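The values are calculated or read from the model by the stated rules, or taken from the named source; none is laboratory data. Note that the structure is predicted; figures quoted are calculated from it, not measured. A quick note on method: Cβ atoms are made from the backbone with ideal geometry, for glycine too, and the neighbour counts reach across all protein chains shown. In case anyone asks, the SASA skips ligands and DNA or RNA and just uses the protein heavy atoms, side chains included. Shrake-Rupley method; radii C 1.70, N 1.55, O 1.52, S 1.80 Å.
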Amino acid sequence: MNAIARAAALEDSPESFWERFSQYAQTWPVSPEPLGSPVLEVLTPWGVLYVFDRSLTPFSGEKALLIIHGQVERWEVASETPAIEHLGGGRYRVQGRVEAVLDSRYFLLGLAGAGQENRLHLVLAGSRLPELGTPIQAHLASPLMAFRAEASLR
């Protein structure tokens, strides 16, 4: 009998992902969405991010404490200039600096803006991780995801 190789799951559950990476959560304004929509529109200094809401409860509020998470398809060393480009279909190209290597599969990408309130952190997963402090451009698989605290901020 042939064994089928399966990729390891990136998370056990939305709750365990939140517990593991909540120190990287940030509060962002979120546009109102129709009740039941799985997509949140997160308003950042780099434009709107369309993220798949991994939380279990419906969102209601004006701001949310979020962990923004993506899976890296590929990355390359790039300039330090922070950038986010929506490529369509839930895919993004992001550019920033590796601020932390969290373990063998996850790293923290920071996009620095003017002032600490304009700093965006992305918890990214990949099979090949960049080194700490490296400025990179990463191409993310669809969808970009958001994990949020169960209580929305008003």
Next on the checklist: Can you give me the orientation-averaged projected area of the convex hull built on the Cα atoms of the stretch 63-154, in nm²?
Outcome noted: 6.5
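Check each of the GluC sites (Glu not before Pro) in the stretch 16-109 and keep only those in coil by DSSP with at most 14 other C-beta atoms within 10 angstrom; list them in order.
Numbers: sites: 19, 41, 62, 73, 76, 80, 85, 99; in loops: 62, 80.
Counting only loop positions with at most 14 other Cβ atoms within 10 Å, the GluC sites (Glu not before Pro) in the stretch 16-109 are 62, 80.
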Checklist entry - With the contact rule set at Cα under 8 Å and sequence spacing of 6 or more, what percent relative contact order holds for the stretch 14-148? => result 30
Next on the checklist: Before I look further, what does the stretch 14-148 give for accessible area per residue, probe 1.4 Å, in whole square angstrom?
Outcome noted: 47
Next on the checklist: Under the 0.36 nm per residue contour assumption, what length would be gained going from the current alpha-carbon distance of residue 141 and residue 16 to full extension?
Outcome noted: 42.8 nm
Checklist entry - Simple spin-label model, 7 Å along Cα-to-Cβ: residue 103 to residue 134 in nm? => result 2.1
Checklist outcome for this item: Carbon plus sulfur, as percent of the 1.4 Å-probe accessible area of the stretch 14-148, comes to 52
